[in-house]
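Asker: Before anything else, here's the structure in question.
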Amino acid sequence: MSRAAAGSDVFHAVAEPNRRQSLDVLRTGDKSVGGLVEATGLSYSLVSQHLQVLLDAQTVVRRPEGRRRIYRLDAAPLRLVRDWAAEYEDFWQERIARLRRRLDR
């Protein structure tokens with residue numbers, strides 16, 4: 001996968017723990033880069049790099065507010081991840097059911 005394609009892939013975007021943490025923070029409300037730095041404890045540079053990946057994956061939206069840029073969560077693309085993971089729920093439910101049947105014997 002090319003770097004450009006990887007950057008726009010929602011799975012790539014959520015694969016990194018610091019990006020997931022930033023999404024979690026944005027779930028509580030809009031934030032500036034400084035607000036994300038404060039909330040995550042990451043450097044400005046690192047937050048900016050992660051925000052670019054999240055922007056490319058369209059999981060955040062940026063708007064200008066004076067000299068600052070404010071970021072907002074757009075969770076719609078995350079449905080792809082939810083839908084993919086949901087397919088494994090049936091798999092695990094069947095495994096657990098088989099284990100219960102075996103333990104009940």
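Asker: Kindly provide the helix-only [θ] at 222 nm of the chain, computed as the sum of -39,500 (n - 2.57) over DSSP H runs of four or more divided by all residues, to the nearest 500 deg cm²/dmol?
Answerer: Details: 6 runs with 69 residues, N = 105.
Only helices count here, giving -20000 deg cm²/dmol.
Asker: For the pair PHE91 and ARG63, what calculated FRET efficiency results from E = 1/(1 + (r/R0)^6), where r is the Cβ-Cβ distance and R0 = 30 Å, to the nearest 0.05? Don't skip to the answer; put the middle values down first.
Answerer: Details: r = 40 Å, r/R0 = 1.35.
Once the sixth-power term is evaluated, E becomes 0.15.
Asker: On to the next question. Tell me, what is the 1.4 Å probe accessible area of ARG101, in Å² to the nearest 10?
Answerer: Per-residue accessible area (ARG101): approximately 120 Å².
Asker: Give the Rg/Rh ratio for the stretch 37-93, taking Rg as the radius of gyration of the Cα atoms and Rh as the Kirkwood radius, to two decimals.
Answerer: Working: Rg = 15.4 Å, Rh = 13.4 Å.
My calculation of the ratio gives 1.15.
Asker: Suppose R0 equals 25 Å. What FRET efficiency, 1/(1 + (r/R0)^6) with r the Cβ-Cβ distance, do TRP84 and TYR44 give to the nearest 0.05? Spell out each step's value before the answer.
Answerer: Numbers: r = 32 Å, r/R0 = 1.30.
Once rounded, the FRET efficiency stands at 0.15.
Asker: Can you give the Kirkwood hydrodynamic radius of the chain from its Cα pairs, in Å with one decimal? Don't jump to the answer; show the numbers that get you there.
Answerer: Details: mean 1/r = 0.0647 Å⁻¹.
Kirkwood hydrodynamic radius for the chain: 15.5 Å.
Asker: Counting pairs of alpha carbon atoms under 8 Å apart in space and at least six apart in sequence, what relative contact order in percent does the chain give?
Answerer: On the way: 97 pairs, mean separation 28.4, N = 105.
Dividing the mean separation by the residue count of the chain yields 27 percent.
The values are calculated or read from the model by the stated rules, or taken from the named source; none is laboratory data. All figures in this text were calculated on a predicted structure; none of them were measured in a lab. Virtual Cβ from ideal backbone geometry, glycine too; neighbours counted across all protein chains shown. Note: areas computed on protein heavy atoms with side chains; ligands, DNA, RNA excluded. Shrake-Rupley method; radii C 1.70, N 1.55, O 1.52, S 1.80 Å.
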